[in-house]
Amino acid sequence: MNGIPLTHILFVSTALFFIGMYGLFSRRNMITMLMSIELILNSVNINFLAFNKYLYPENLDGIFFTIFIITIAAAEAAVAIAIIINLYRSHQSIDVEDAGELKF
Amino acid sequence: MSASAIIFYLIAAFILTMGILSVTSRKIFRSAIWLLFSLVGIAAFYFWMDLTFIAAVQIIIYVGGIVVLIIFSIFLTQKAGEQMPKPLRSRTLFSLLAVFFGFALTFLLIYKNTFPEISSHPFQLNVSDIGTQMLSTTEHGYVLPFEVVSMLLLAALIGCIVIAIKKESK
């Protein structure tokens, strides 16, 4: 399709995944870590859609997985931000190093 | 090289550049804006793959929902203009090493792998097909995950309100 081999799309999504991993490893601010997780989820979506389109074009399963991943990512982001705001109220900081105890 | 291939490489370079800027920028608000551009690039990539419905969903939910939510939470918790502290040099070094070796391993796996025959069956995506299969109760229907996800969204909605509600000062 379009002359682009499947592996090139997979290289793009791999690179995006590891960019997100780098952000997750090196950052200590919860909001930026959440943004890295969004990048990782997006790279997974690209993989699902590319496999569906290239290898099994008669099915729609990759599309459904992508839709469900997007939905769950939205729910996860909302819950994470609620937790971050609550943490900020009690600790005045959203650095993960400052959140040392489980119960406040 | 055809025009479509050139467009693909342009979109890929755009996505990756914006992603790198997003995880390395030290101003948190700029970081969110770079993330926004990266997500728009991914939506453009879906348009390039003729997946118009998924591209629309991507723009509506990620760009219109999640990034706006992140920007609001930045305004609620951070001083947006300030620079974040520099990450420790050892942490940067070791995360770079981990990412590099992980990428090299995955790259090698993809490069050596032979995929099954690329099917020549034309791929077309009708929104009506998605709707029919999403709500069908037959073997390949997705009605059960659909209902589970609706329960999950309800639980997330109530959970967010309960977590973030302002408690009465005692």
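Between B:LEU135 and B:LEU88, the FRET efficiency estimated from the beta carbon spacing at R0 = 30 angstrom works out to 0.05. Computed FRET efficiency, Cβ-Cβ of B:ASN126 and B:PHE101, R0 51 Å: what is it to the nearest 0.05? Computed FRET efficiency for B:ASN126 and B:PHE101 comes out at 0.75.
Peptide packing: for B:12-23, B:104-115, the average count of neighbouring Cβ atoms within 10 Å per residue gives the ranking B:12-23, B:104-115, highest mean first. Considering only alpha-carbon pairs that sit under 8 angstrom and 6 or more positions apart, the relative contact order computed for chain B is 15 percent.
For the peptide A:83-90, the mean number of other protein chain Cβ atoms found within 10 angstrom of a residue's Cβ is 5.
The packing ranking, built from the mean of other Cβ atoms within 10 Å per residue, places the peptides A:39-45, B:125-131 in the order A:39-45, B:125-131, highest first. In this simple spin-label model, placing a label point 7 Å from the Cα along the Cα-to-Cβ direction at both B:SER2 and B:VAL149 gives a separation of 3.1 nm. Of the trypsin sites (Lys or Arg not before Pro) found in the stretch B:1-35, the ones in coil according to DSSP and having at most 15 other Cβ atoms within 10 Å of their Cβ are B:ARG26.
Debye sum, Cα scatterers, the protein assembly as shown, no solvent: what log₁₀ I/I(0) at q = 0.14 1/Å? The Cα Debye sum returns log10 ratios of -1.07.
With a Förster radius of 35 Å applied to the beta-carbon distance between B:ALA56 and B:THR24, the computed FRET efficiency rounds to 0.70. Distance from the Cα centroid of the stretch B:62-97 to that of the stretch A:40-76 is 26 Å (rounded to whole angstrom). Mean per-residue shielding of peptide A:48-55 is 4, counting Cβ atoms of other chains within 10 Å of each Cβ. Label reach from B:ILE33 (point 7 Å along Cα→C-beta): in the stretch B:58-100, amide nitrogens under 20 Å belong to B:62-85.
Throughout, read-outs are computed from the coordinates displayed, never taken from laboratory work. From a predicted model like this one, the values you see are computed outputs, not experimental measurements. Here Cβ is always computed from backbone atoms with ideal geometry, including for glycine, and neighbour counts include all displayed protein chains.
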